[in-house]
């Protein structure tokens, strides 16, 4: 058995290494393991149906983690583990996690490849910045979706008209405001007891987080926090302090991992190995109950490209076949709301994820860079598509045929993807309902996707 304080001790006593040297090692070791395990990205097998490939990716990731460990930025030391310790942690990893209360209680469980159980849908305006006067309406648009198992937060640009700056008193105020407004949005959505999987999005520092996660502000027992690793394969004491807090308070927690394809990790094959290895980091260093990945393309800032769809699929399969971990992915689109392209990107990413054993954190749109470009409609599109894929029993082979047709609709547009419409342009702010224009765009795309093999008209 290994606990948090064993991990912390190793962060103080492990082998010393300069950060730039560790960065180089990640790419070097991952590249060697690609060759050793004969891992190859085939552009025609976007959603591979090769169990041997998935197993080789998993074994390569385990070898990488055992060789490199986790880099602690604060001590410049490596936190390393034995194979037995990793295997023990995997054996004793959670098999379920519960969010929400009363009629909105939802339980996330392990999914298998081609599972008929639909993905758990954690619906969030991932990373989107929004003016504080539209914050509640935007997050309400996610919470009110019937297929939202949980919801979470956008990033308010200001609180009380004051910009939010990390490490200042304003950050503490913003964190408290964040929790209060999320629960207000839940009540406005008619779901006061829905789970909030990440209570704090407006703050980074642990003191602000601890100040805000209080019952009187709206935090409920089955709510939680995300703890993000630093790409690639790094952690620091700011993150570890959250672990100590959560160990005492008992809120849910998940690990958040965003390896960059084209960065230190390398190409799609090496980045797939590094991505799987991050799950061991989250389990051992953060005590994560479940895991959310958002691998990204260095140049395009999304994960709806052909190579990233392959990476999402093969890493999901690797973990679903070899562990009982609860794993998910956050789709990142290039296009913005109320465009046909965003519907197609979401459908493609959800298809790759759903048949590969993953849950879904829906959705980051417009490359996660443009203010106000997010709405509950993107979550609706993703969740409805995921549920029908699971219900229809779509196989990896059929999914691959479908996803290549969908890619044909948008792949060439990724570098110059349309920005789409702002939240206030595609939703009525009084009723918090999507415009007829957006509903028509979705209906048109559903007809096309039905022709590709996703039977929306059942």
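A few notes on this one:
- Criterion applied to 89, 49, 93 was being over 19 Å from residue 289 (Cα atoms) and either touching a helix residue (DSSP H, G or I) at 6+ places or on another chain (Cβ under 7 Å) or buried (at least 17 other Cβ atoms within 10 Å of the Cβ) (or both), and the one residue passing it is 49.
- Where strands (runs of 3 or more DSSP E) sit wholly within the range 22-136, those with at least 2 residues that are under 22 Å from the mean Cα position of the chain (by Cα), in contact (Cβ under 8 Å) with a residue 60 or more places away in the chain and under 26 Å from residue 178 (Cβ atoms) occupy 96-99, 106-109, 121-123.
- Filtering the range 358-375 to residues that are touching a strand residue (DSSP E or B) at 6+ places or on another chain (Cβ under 7 Å) and under 15 Å from residue 122 (Cα atoms) leaves 358, 359, 360, 361, 362, 364, 375.
- Put simply, of 201, 148, 153 the only residue that is modelled with pLDDT of 95 or more, in a loop (DSSP other than H, G, I, E, B) and within 25 Å of residue 100 (Cβ to Cβ) is 148.
- None of 283, 246 is in a helix (DSSP H, G or I), surrounded by fewer than 24 Cβ atoms within 10 Å (Cβ to Cβ) and under 16 Å from the mean Cα position of the chain (by Cα) except 283.
- Hits in the range 302-324 (condition: touching a strand residue (DSSP E or B) at 6+ places or on another chain (Cβ under 9 Å) and farther than 24 Å from residue 283 by Cβ): 302, 304, 305, 307
- Any hit, the range 303-321, residues being over 23 Å from residue 398 (Cα atoms) and in contact (Cβ under 8 Å) with a residue 24 or more places away in the chain: no
- Of all residues in the range 198-229, those satisfying the criterion of being within 18 Å of residue 136 (Cβ to Cβ) and touching a strand residue (DSSP E or B) at 6+ places or on another chain (Cβ under 9 Å) are 198, 199, 200, 201, 202, 218, 219, 220, 223.
- Qualifying residue in the range 157-167 (condition: surrounded by 24 or more Cβ atoms within 10 Å (Cβ to Cβ) and either within 20 Å of the chain's Cα centre (by Cα) or within 17 Å of residue 374 (Cβ to Cβ) (or both)): no
The values are calculated or read from the model by the stated rules, or taken from the named source; none is laboratory data. Keep in mind it's a predicted model, so treat the numbers as computed, not measured. Because the Cβ atoms are built from the backbone with ideal geometry, glycine has one as well, and the counts that use them run over all protein chains shown.
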